[in-house]
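A short write-up of the structure that comes next.
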Amino acid sequence: MSNQPSHHPIRIEGVDVLVLDIPTIRPHQLSVATMREQTMVLVRIRCEDGIDGWGEASTIGGLAYGEESPESMRANIERYMAPLLVGADAASPGHCMHLLHASLQGNRFSLCAVETALFDAQARRMGVPLSALFGGRIHDRLPIAWTLASGDTARDIAEAQQMLDLRRHQVFKLKIGKRPVRDDAAHAAAIKRALGERASVRVDVNQAWSGTEAMLGMRLLEDAGIDLVEQPIAAGDHEGMRRLRAMNRVALMADEALHGPQDAFRLAELRAADVFAVKITQSGGLVKAQQVAAIAQAANLGLYGGTMLEGAVGTIASAQLFSTFPALAWGTELFGPLLLTQEILAEPLDYRDFALRLPTGPGLGIALDEDKLAFLRRDRARTTVAQG
């Protein structure tokens, strides 16, 4: 039996990688880095039938968050992935990804960008939204949390109140972990007191606490009325996560601990979390993120649609997949484009009434502004010289 697709193949003609640097609207302070700009890697797959597909890989703080940087992603896609893809059948995304997985190790973020571009092109070819390739959407709008990460209590309260008044967000996640545990808990408590029942308040520690700090912190945060604690301890400490979940009543969410279906299975087996943060890049792509969600659902764990602070391409790719999940008990945080000072779409994503509304067009359902991309490209000066 042949392992080649049985239909008439549509050849991939080229793979383009664009690195964009876009300033953020304010400093975004995490325990691992302070972001003042987001660097995103966009992948365009050009097919012989004239259809292009787009994908994105964005990380946080260069190498501060994970094993891939924007520079390494570009180099690896251009040097190792593109030669395997050029000439392959664009109408068989699964076969293309099989070629890559059979030849490459790691590179979850890069592979996610490539896979997204392949599925975007195929959905455009079929004239359906990308969500249709993953079972079809159940939700047309997704609730969107906003992250408060200035580190200043009064500023965070004012920002949250503004978002509530604008009807843009009513769920807020605080980035903590840089200060002593009691100080962070006091910061979170002050914000919750100020917002009261108008909003849900959660915290993300980004692995900054030790096991004993986490025990204290989670008790203080529960007393403060915080609804959810995200990844308080090291990602690899699954046993520590299990103990925290067993000894505390505030909901515990796994994030950096989830690098795909194998981690999801292990965490579910240990009952080491109440909630899984599903991220398409961190999972290694849309297919693997869907598998992570399926494991959570089978284990009766809550789902949360996570973000790597992607721009519009990665954000709407995530939304297309998350819209197919039967339930997102903890909502999503697909606010990445709202943190950026520059718009890269011809028509911005539709954020209103505390939610992101999904587009109805084929593929990702978006159109990129080619002039804006050319302006924001990191290599734009070199490109201009080459054209002169």
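Quick look at the numbers
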quantity	calculated
Net charge over other residues, Cβ less than 13 angstrom from the Cβ of residue 44 (K, R count +1; D, E count -1)	-3
Candidate lysines - alpha carbon under 22 Å from residue 288, same-chain residues fewer than 8 apart omitted	279
Cβ-Cβ FRET estimate between residue 158 and residue 101, R0 fixed at 56 Å, reported to 0.05	0.75
Whole-angstrom gap from segment 108-166 to segment 39-60, using each part's C-alpha centre	16 Å
For residue 259, distant residues with modelled amide H under 5 Å away	264
In order through segment 332-344: 3J(HN,Hα) via Karplus (6.51 cos²θ - 1.76 cosθ + 1.60), integer Hz, x for Gly, Pro	9, 10, 7, 9, x, x, 6, 8, 9, 8, 10, 9, 10
Rounded percent of accessible protein surface that carbon and sulfur make up, the chain, 1.4 Å probe	50 percent
Residues of segment 256-319: accessible area per residue with a 1.4 Å probe, Å²	26 Å²
Positive minus negative residues near residue 124 (Lys, Arg vs Asp, Glu; Cβ under 11 Å)	-2
Cα gyration tensor category, rounded, prolate or oblate, for segment 212-285 with a/c compared to 1.5	prolate
Highest-MSF residue in the chain out of 132, 293, 102 [GNM, Cα springs under 10 Å]	102
Per residue accessible area of segment 144-238, 1.4 Å probe, in Å²	39 Å²
Per-pair calculated FRET efficiency, R0 = 45 Å: residue 298 and residue 167 via Cβ, rounded to 0.05	0.80
Solvent-accessible heavy-atom area per residue, rounded to whole Å², over segment 77-122 at 1.4 Å	35 Å²
Selected from 175, 372, 279 as most flexible by GNM, with the chain as the system and alpha-carbon contacts under 10 Å	372
Candidates 13, 310, 115, ranked by Gaussian network fluctuation over the chain, Cα under 10 Å, top entry	13
Stretch gain in nm, segment residue 193-residue 271, where the contour uses 0.36 nm per residue and the Cα spacing is subtracted	24.9 nm
Chain lengthening between residue 243 and residue 219 when straightened (0.36 nm per residue, less Cα-Cα)	7.3 nm
Potential extension, residue 79-residue 380 segment - 0.36 nm per residue separation minus Cα distance	106.3 nm
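The values are calculated or read from the model by the stated rules, or taken from the named source; none is laboratory data. Source: prediction; values computed, not measured. A quick note on method: Cβ atoms are made from the backbone with ideal geometry, for glycine too, and the neighbour counts reach across all protein chains shown. Just the protein is used for accessible areas: all its heavy atoms, side chains included, with ligands, DNA and RNA removed. Shrake-Rupley method; radii C 1.70, N 1.55, O 1.52, S 1.80 Å.
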